[in-house]
1. Sort out which residues of region 65-75 are over 22 Å from Gly98 (Cβ atoms) and exposed (fewer than 15 other Cβ atoms within 10 Å of the Cβ), and write them in order of number.
2. Exactly one condition in (1) hydrophobic (A, V, I, L, M, F, W, C); (2) modelled with pLDDT under 80; (3) open to solvent by 50 Å² or more (accessible area, probe 1.4 Å) is not met by Val113; state its number.
3. Take the residues in region 76-110 that are assigned to a helix (DSSP H, G or I) and without any contact (Cβ under 8 Å) to a residue 40 or more places away in the chain, then tell me which one is most open to solvent (accessible area, probe 1.4 Å).
4. Mind telling me which of the residues Thr174, Thr169 ends up being more than 19 Å from Ala85 (Cα to Cα), modelled with pLDDT of 60 or more and open to solvent by less than 100 Å² (accessible area, probe 1.4 Å)?
5. Just to check your reading of the model, which residue among Leu80, Leu100, Leu38 is more than 23 Å from the chain's Cα centre (by Cα) and at pLDDT below 85?
6. Residues being open to solvent by 50 Å² or more (accessible area, probe 1.4 Å) and either of a type in the set (S, T, N, Q) or free of Cβ contacts under 8 Å to residues at least 40 places away in the same chain (or both): count how many of those fall in region 120-137.
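The values are calculated or read from the model by the stated rules, or taken from the named source; none is laboratory data. None of these values were measured; they are calculated from a predicted model. Virtual Cβ from ideal backbone geometry, glycine too; neighbours counted across all protein chains shown. Just the protein is used for accessible areas: all its heavy atoms, side chains included, with ligands, DNA and RNA removed. Shrake-Rupley method; radii C 1.70, N 1.55, O 1.52, S 1.80 Å.
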Amino acid sequence: MGPFHSGVAAAMEVDKNTRLARPKAYADITPVQQNVELGLAVAASAALPGIFPPLSLSDLYADRFRVQLVDGGVHDNQGLAGLLAEGCTHLVISDASGQLTDEREPRTRVASVGSRANSILMRQVREGELFALLEGGRWPTALVHLRRGLAIRTVPYIGADGKPAAVTTPAGWTDQTFGDLGVSFAPGFVP
């Protein structure tokens, strides 16, 4: 179950989950839900799954669908889906999320493995969305980020001779930013 995709034909073909229609304005929804307090909405936006309970909204959709609101980063960490759905044509994105930390000796407890797997999944979702925007060229995009100047370290594997193999960092694995502020521009963005 989820919102409508942004018109991607493949997504519409593959994802057959129920869609919850998005109202155009608060005035279009039932009066019971028009007066949700701002504090509750803010609390829901920070409700990390597994740590805080979700905010439940009943009687918002037909067929007794109840909405459970959690941290919006679960679905759209940068808030880009809403901007694109509203027809924004130029995007300036501030990515303040931290690097996924390296772990030399990952923990093996079930909760630790689940947490790490979730962190990896969320990184993949966030980066996939950002890279698609930056490389796709459909929307002129500027990305402001905190990763400028971070080196990429490649750890060699142990070769058949028992020694670390000679490994080089692949071409293109560099910080492609402009200026000292860590700003990356997608094709077509004129600063």
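1. Hits for region 65-75 are Phe65, Arg66, Gln68.
2. Single failed check for Val113: (2).
3. Val110
4. On the way: Thr174 fails: modelled with pLDDT of 60 or more.
On inspection, the qualifying residue turns out to be Thr169.
5. Sole residue among the options that is more than 23 Å from the chain's Cα centre (by Cα) and at pLDDT below 85: Leu38.
6. Number of matching residues: 6.
Here is a yes/no grid of residues against (1) surrounded by 10 or more Cβ atoms within 10 Å (Cβ to Cβ); (2) part of a loop (DSSP other than H, G, I, E, B):
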position	(1), (2)
Lys16	no, yes
Gly39	no, no
Ala43	yes, no
Ala47	yes, yes
Gly50	yes, yes
Asp63	no, yes
